[in-house]
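Bear in mind these aren't lab numbers, they're just calculated from the coordinates by the rules spelled out. Bear in mind that the values here come from a model prediction, so they are computed numbers and not experimental data. Don't worry about glycine lacking a Cβ; one is built from the backbone with ideal geometry, like all the others, and counts go over all protein chains shown.
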């Protein structure tokens with residue numbers, strides 16, 4: 001191969017503040033811009049013609065590399081007018097490529113991969129495309145690839161969650177492509193290689209191969225990865241082509257370097273052109289860019305100094321990055337993991353504490369101590385959003401200051417003049433953060449409708465009126481009591497799409513805030529009729545008459561949560577005689593423990609037909625029958641599904657969706673009605689996504705969460721409880737009688753300690769395990785035999801793997817769990 005396309009359009013959002021004033025490919029690594037290392041790699045393997053795709057601050061790259069002749073290469077440039085995605089951008093440069101195979105490589109990777117060996121593999125396989133793969137300890141940030149023994153790709157998954165892992169083999173972003181691949185990419189339309197093109201090629205059966213490459217590879221997408229490359233160099237793991245001559249065992253010097261004879265240099269050190277090191281200065285395991293000046297007695301250890309940095313006498317820099325043109329005053333100290341942006345001026349005797357980040361151009365006065373970042377974003381180096389939520393420690397990471405700035409970014413993304421609904425739980429922390437968010441939104445010219453205390457389902461229903469550009473819900477995290485979550489919705493009430501989330505992140509990190517003029521500041525109003533609209537829609541989706549005729553007598557536990565505000569009124573309208581406990585709304589979000597024996601005793605004493613517990617957020621339910629028997633979430637799913645199938649025969653054929661962790665009882669029950677079962681990932685977001693298919697009429701979860709798409713595309717605990725009453729009334733079933741008639745399987749669950757970095761390799765070993773007549777790779781790895789199955793997937797919250805065994809007898813389920821628990825331990829070796 002003679003030609004390559006170099007993807008050089010990245011914003012470098014997660015590398016801020018290092019990328020405020022330069023594009024990510026131009027960030028220096030070991031004395032050179034990252035992109036220069038990439039070009040040298042291509043040249044070493046005989047590839048000298050490159051088309052460079054530019055987008056953000058492209059003039060930096062043009063000015064530095066020119067036509068490439070100084071590097072013995074030929075460089076041409078394409079400046080993108082819009083972000084067409086990785087594949088779409090390459091398609092737009094097709095006219096500049098020869099009609100022959102070419103390499104696609106990112107300009108922000110550090111690698112010593114043998115491209116020649118990969119090219120030989122590509123020629124031997126004669127495929128349309130070959131992806132260069134590598135194995136990494138934490139595969140979450142990369143595209144995951146599954147190949148057969150010949151290297152043909154069977155499955156491709158872009159940036160998986162922990163639950164979606166099935167291997168530790170990832171896509172490096174380096175591709176060898178035949179020109180025919182370009183014919184599959186539409187012109188001037190957004191398309192991504194990993195998310196769109198390659199999965200489509202696999203689905204069409206086109207020859208797509210993966211080559212597991214040896215050698216060093218690291219994607220420099222975050223400050224942490226940037227540091228890791230430096231540490232890998234100082235430990236001898238990375239041996240790149242270094243700028244300058246080797247003037248010592250582990251010392252490389254550029255031209256005209258001046259080192260005082262009394263200075264001390266230890267470890268691996270790179271000095272750029274015209275560096276000056278003064279008397280008694282100490283440099284250890286560090287990189288100094290061109291024209292850096294170290295004064296007398298300066299100490300620089302484990303640090304990266306860009307070009308033209310001046311460190312005055314007696315100053316100490318330990319494990320920090322100091323960007324171009326900055327000055328560190330005499331006797332000042334810059335501590336571990338601090339980052340000093342370009343053009344900063346730190347006065348004499350100042351202290352920059354560990355982890356602090358200074359944005360470009362900041363000035364620190366003499367004798368000042370900076371303990372916090374002047375733009376504090378260190379918590380968010382891996383992106384703000386995770387599954388449409390922003391979460392962090394209350395009043396530590398999620399602070400009013402953060403919320404106000406986040407509100408402005410959201411407001412800019414939604415657009416001035418639009419309306420946004422904001423709701424919260426009853427806690428003081430949620431009230432505080434919601435008000436700060438609303439202030440930020442109004443500052444961006446957005447009109448805010450405050451729904452005040454409302455559940456997520458109620459907020460989603462309000463957004464379905466299409467009067468809003470989006471919505472926000474603030475709550476105490478149901479997973480970690482010390483955290484606050486900010487959940488963001490689109491105009492339909494669904495979770496914010498990834499494209500809009502990236503826009504918000506770009507605005508937030510870039511501080512490119514557009515604030516409204518005084519006369520255009522947004523308004524604040526209250527959604528006074530939101531509850532009325534919710535109840536009206538709720539009742540319209542039910543057969544209220546049949547529930548009223550049944551006159552249910554039930555016990556309702558509100559968990560001290562948000563359902564207590566509305567559900568008593570709904571039950572009254574439905575003619576139910578309800579005995580309620582925990583009817584208060586706890587401002588701290590504390591859920592009382594479930595006392596099964598007390599609930600059973602109360603049910604029997606009150607003569608109730610069933611008991612329902614609604615969780616704090618009003619999204620999930622727990623159910624007891626009249627005997628006081630509690631149904632596990634897995635068994636409850638089987639019962640609710642059977643009731644749904646019996647009461648919706650007129651709509652058949654249709655599809656029901658359940659998580660991969662759900663019991664095989666589901667298929668047995670569905671088969672009786674000729675209904676197909678769709679398995680999805682073990683997450684509420686995956687369940688919601690399934691409702692986009694109009695054939696899906698029911699989605700049941702394994703945590704007491706149920707979705708009835710004709711009512712709402714998300715779980716609503718209050719509606720689930722009412723729908724259960726409707727279906728029981730229509731069929732005449734008692735839960736205990738139905739439970740006795742349905743097929744039963746037995747599940748056992750275990751948690752096996754496993755280091756985070758071994759999770760991917762455990763799943764790869766599970767996939768290679770020669771057992772299981774059927775395999776599911778929807779969420780983790782599920783091995784299926786006629787009499788038993790086992791599901792293995794990473795725990796999202798801890799260093800552990802989850803093992804769920806299921807069998808036709810409890811003894812067999814116990815045995816399968818024991819066997820695979822031991823195998824998971826062995827696979828970590």
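General remarks:
- Helix 428-443 and the longest principal axis of the Cα set of the chain meet at an angle near 60°.
- Exposure proxy for 112, 13, 465, 172: other Cβ atoms within 10 Å of each Cβ, ordered fewest to most, give 465, 112, 13, 172.
- A rounded overall shape is assigned to the range 383-528, the ratio a/c of its alpha-carbon gyration tensor axes (a ≥ b ≥ c) being less than 1.5.
- Computed FRET value (nearest 0.05) for residue 155 with residue 397, which takes r as the C-beta separation and R₀ as 30 Å: 0.25
- Shape call, the range 519-574: gyration tensor on alpha carbons, a/c limit 1.5: oblate
- Residues 184, 41, ranked from the fewest to the most other C-beta atoms within 10 Å, line up as 184, 41.
- Computed from the alpha carbon positions, the gyration tensor of the range 3-219 leads to an equivalent ellipsoid with semi-axes of 26, 19, 18 Å, biggest first.
- Computed label-point distance, nm, for sites residue 651 and residue 514 using a 7 Å Cα→Cβ extension: 4.2 nm
- Cα gyration tensor category, rounded, prolate or oblate, for the range 242-370 with a/c compared to 1.5: prolate
- Relative contact order for the chain, counting Cα pairs under 8 Å that sit 6 or more residues apart, in percent: 8 percent
- Counting neighbouring beta carbons within 10 Å and listing from fewest to most, the residues 498, 789 come out as 498, 789.
- Helix 596-606 vs. the chain, principal-axis angle (Cα, 0 to 90°, nearest 10): 30 degrees
- Compactness of the range 496-595 was expressed as the Cα radius of gyration divided by 2.2 N^0.38 Å, which yields 1.68.
- For the range 58-152, the Kirkwood hydrodynamic radius from C-alpha pairs, put into Stokes-Einstein at 25 °C and a viscosity of 0.890 mPa s, yields a diffusion coefficient of 149 µm² per second.
- Here the alpha carbons of the range 746-827 define both size measures, Rg and Dmax, at 11.7, 35 Å.
- On Cα atoms only, tilt of 633-647 relative to the major axis of the chain in degrees: 60 degrees
- Averaging the Cα positions of each part gives two centres, and for the range 26-92 and the range 756-820 these lie 45 Å apart.
- Value at 222 nm in deg cm²/dmol, rounded to 500, when DSSP H runs of n ≥ 4 in the chain each add -39,500 (n - 2.57): -8000 deg cm²/dmol
- Between the range 224-261 and the range 432-511, the C-alpha centres lie 47 angstrom from each other.
- An ellipsoid equivalent to the range 33-98, defined through the eigenvalues of its Cα gyration tensor, has semi-axes of 20, 14, 10 Å when rounded to whole angstrom and sorted largest first.
- Taking the inverse of the mean reciprocal distance over all distinct Cα pairs, the Kirkwood hydrodynamic radius of the range 536-741 comes to 17.1 Å.
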